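Below is one structure, written out as structure tokens; comments come after it.
Derivation of every value follows stated rules applied to the coordinates shown; laboratory data play no part. None of these values were measured; they are calculated from a predicted model. Here the Cβ is made from the backbone with ideal geometry for all residues, glycine too, and neighbour counts use every protein chain on show.
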Amino acid sequence: MTGIGNLYSVFLSWRGVTAGDRVYLYDGVGASANVICQVTLNEANNSGVNVVLPSVGVQFVAGLYYLPALTGGEMDCAIGYDGNG
């Protein structure tokens, strides 16, 4: 999503990843991007996690971008957000 908004929820599910792989959510892209949320996966087998966020959300200004940093396996991500711009 480009523009301003609020991130309210993130649910990740995966299988066959490597423990220690990470998932990032950024506000913006490139050198000016700020990490909103970073999740480190602690187990490689089939699993999932609901990321706890403030009930008022986490604001992003330049846009919301999802980047999984996986060495293998598969991942699904459900992101709840609202655009304000």
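Remarks
- All positions within region 9-33 that are more than 16 Å from Thr71 (Cβ to Cβ) and free of Cβ contacts under 8 Å to residues at least 24 places away in the same chain: Gly30, Ala31
- Residue within region 41-49 that is surrounded by 17 or more Cβ atoms within 10 Å (Cβ to Cβ) and more than 27 Å from Val61 (Cα to Cα) present: yes
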